[in-house]
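The values are calculated or read from the model by the stated rules, or taken from the named source; none is laboratory data. From a predicted model like this one, the values you see are computed outputs, not experimental measurements. All Cβ positions, even for glycine, are placed from backbone atoms using ideal geometry, and neighbour counts span all protein chains on display. Only protein heavy atoms, including side chains, enter the accessible area calculation; ligands, DNA and RNA are left aside. Shrake-Rupley method; radii C 1.70, N 1.55, O 1.52, S 1.80 Å.
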Amino acid sequence: MILYCATTNRGKLREFRASGLPIEPLPNLGDISVPDETGETFEENAIQKALYYGAFTAEYLIAEDSGIAVEALGGAPGIYSARFAGPGATDESNNLLLLEKLRGVENRKARYVCAIALVASGQALVTFRGEVEGWIVDESCGSNGFGYDPLFFYPPFNRTFGEVDPELKRRVSHRAVALAKLAKWLA
């Protein structure tokens, strides 16, 4: 069995492959236009992307939507995590904006969220959600990972995801939790 994924994000692809599942990027993914994300939840966006990219293969395909939800910001950036600082945002610009919005805010509780949708033959089959709880630190710490990892403090490690070995992060991340649920379902 091959399980295609619809992502060009190298960090996400590394995490997908580290799951032990036979995950490969959808062939010619770079030649396919990107769909609009119009869902209001991580699950809605994951399903929307999975159905869109699933039309390009008869095999199983997964697509995901993920981000960080900060309690003091009412769950923002949430589904807008990748484009929090606007169109063409970078990890750095998103991180700087998040730190700016949290300046002087005491409640820095946050959670990483990942929703993975599985489709086959153009039909949505199921979604899997993973979450990891932590908080946002006052300044960027560490150069590992991607996205908000240098800001996301994970209490069991007593470090940010940006400070830990990527392999260690991959074992406990929101994506790992969702992928473990997917693996159990496929088994």
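Worth a mention:
- Scope region 1-14; condition more than 17 Å from the chain's Cα centre (by Cα) and either surrounded by 15 or more Cβ atoms within 10 Å (Cβ to Cβ) or outside any loop (DSSP other than H, G, I, E, B) (or both); matching residues: 3
- Within region 15-26, being open to solvent by less than 50 Å² (accessible area, probe 1.4 Å) and over 15 Å from the mean Cα position of the chain (by Cα) holds for 21, 23, 25, 26.
- Consider region 27-61 and keep the residues that are out of contact with any Ser or Thr (no Cβ under 7 Å at 6 or more places or on another chain), of a type in the set (Phe, Trp, Tyr) and in a helix (DSSP H, G or I). The one that is surrounded by the fewest Cβ atoms within 10 Å (Cβ to Cβ) is 52.
- Contact map, region 67-92: residues that are without any contact (Cβ under 8 Å) to a residue 24 or more places away in the chain paired with residues that are of a type in the set (Lys, Arg) and not in a loop (DSSP other than H, G, I, E, B), Cβ distance under 7 Å, separation 6+ or inter-chain. Pairs shown: 89/83.
- Residue check for residue 70: more than 14 Å from the chain's Cα centre (by Cα), surrounded by 15 or more Cβ atoms within 10 Å (Cβ to Cβ) and either of a type in the set (Val, Ile, Thr) or within 28 Å of residue 168 (Cα to Cα) (or both): yes
- So residue 64, is it out of contact with any Ser or Thr (no Cβ under 8 Å at 6 or more places or on another chain) and either in contact (Cβ under 8 Å) with a residue 24 or more places away in the chain or surrounded by fewer than 22 Cβ atoms within 10 Å (Cβ to Cβ) (or both): no
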